[in-house]
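Quick notes on the structure that follows.
The values are calculated or read from the model by the stated rules, or taken from the named source; none is laboratory data. Predicted, not measured: the structure shown is a model, and the values here were computed from it. Here the Cβ positions follow ideal geometry from the backbone for every residue, glycine too, while neighbour counts run over all protein chains shown. Please note that ligands, DNA and RNA were not included when accessible areas were found on the heavy atoms of the full protein model with its side chains. Shrake-Rupley method; radii C 1.70, N 1.55, O 1.52, S 1.80 Å.
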Amino acid sequence: MDWLILFKAFLLGIVEGLTEFLPISSTGHLILAGDLLDFTDERAQVFTVAIQLGAILAVCWEYRARLINVVREIGTQQANRFVLNLFIAFLPAAILGLLFIKIIKHYLFHPLPVALALVIGGVIILWAERREHQIEAEQVEDMNWKHALKIGCAQCLALIPGTSRSGATIIGGLLFGLSRKAAAEFSFFLAIPVMFAATFYDVYKHREFLHSDDLGMFIVGSIAAFISALIAIRGFIRYVSHHDFTPFAWYRIGFGLIILLTAYSGVIEWSGS
């Protein structure tokens, strides 16, 4: 058993869990962390996708009562609308992802494009926070299919690493009439079908890189992602109930500029630079 690999898996699992549901881009942070840890081969790429299951299971656990209730009430108007909204919001990114993911991974899954996306995304969040918000849906249950479609289209931006899936859907939700809490919670719920589909598709597609010797690495990474994601989700929901997303915007901008500065100065030799 390679203890160094397990340690890297543990660190990357924490990065995944802490960043997956915050508007700061988990994919971007994993690309940067993997580059620093020299963990960037094909096996590493499958690993960073697979451990998303740990994070998404944290959402399922945290909202288990509401999800079970939806399943029990399938056939009622409220439950049907909830499921339909998730399906509508899921479709745009799923379609574009299948069409363009190879091109995106080839050209954009590198530290410098991630840094640029972090900075641009941060500026967009600052702009969005300065707009006057007109709330049409205070709760997730108040959403209609038009809200879902608009948020689904916004989620397509998250195909660009560094943009942030949660950031795109949450800020999109604010722009399209959702309250902060509704936008955050719908982003969490939407992550369930999106991340399950993306994870199983990517892992199956690259199954030749999976080996039984790596089982410990996947278990450690997934457990770390589950625990850290659970902590992040609970803290984030409490935070958005009373605060805006401005600190996340400044974090993105500052972090992205540090990456660009270290690359330009040669302090760190980022891959793809």
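Selection of the range 228-250 for residues being more than 14 Å from Arg180 (Cβ to Cβ) and surrounded by fewer than 16 Cβ atoms within 10 Å (Cβ to Cβ) yields Ile231, Arg234, Gly235, Trp250.
Only a single criterion out of (1) farther than 24 Å from Gly254 by Cα; (2) at pLDDT below 95; (3) crowded, with 23+ Cβ neighbours inside 10 Å; (4) of a type outside the set (S, T, N, Q) is not satisfied by Ala225, namely (2).
When you go through Ser187, Ser212, Ser179 one by one, which is the residue that is open to solvent by 70 Å² or more (accessible area, probe 1.4 Å) and not aliphatic (A, V, I, L, M)?
Ser212
Inspect the range 163-173 for any residue being within 19 Å of Ile51 (Cβ to Cβ) and part of a helix (DSSP H, G or I) and give the result as yes or no. Within the range 163-173 (the criterion being within 19 Å of Ile51 (Cβ to Cβ) and part of a helix (DSSP H, G or I)), the answer is yes, since at least one residue qualifies. For Ile31, are the conditions met, namely being surrounded by 24 or more Cβ atoms within 10 Å (Cβ to Cβ) and among the aliphatic types (A, V, I, L, M)? Yes.
In this structure, is Phe248 at pLDDT below 85 and out of contact with any His (no Cβ under 9 Å at 6 or more places or on another chain)? Here the answer is no, as Phe248 does not meet what is asked. Can you confirm whether the range 194-204 contains a residue that is farther than 24 Å from Ile88 by Cα, of a type outside the set (Asp, Glu) and either free of Cβ contacts under 8 Å to residues at least 60 places away in the same chain or buried (at least 22 other Cβ atoms within 10 Å of the Cβ) (or both)? Checked against the condition, which is being farther than 24 Å from Ile88 by Cα, of a type outside the set (Asp, Glu) and either free of Cβ contacts under 8 Å to residues at least 60 places away in the same chain or buried (at least 22 other Cβ atoms within 10 Å of the Cβ) (or both), the range 194-204 yields at least one hit.
A count restricted to the range 136-164 and to residues that are in contact (Cβ under 8 Å) with a residue 60 or more places away in the chain and of a type outside the set (A, V, I, L, M, F, W, C) stands at 9. Residues of the range 141-162 that are open to solvent by less than 10 Å² (accessible area, probe 1.4 Å) and not in a helix (DSSP H, G or I): Met143, Pro161, Gly162.
The set of residues from the range 122-140 being over 22 Å from the mean Cα position of the chain (by Cα) and open to solvent by less than 80 Å² (accessible area, probe 1.4 Å) comprises His133, Ala137.
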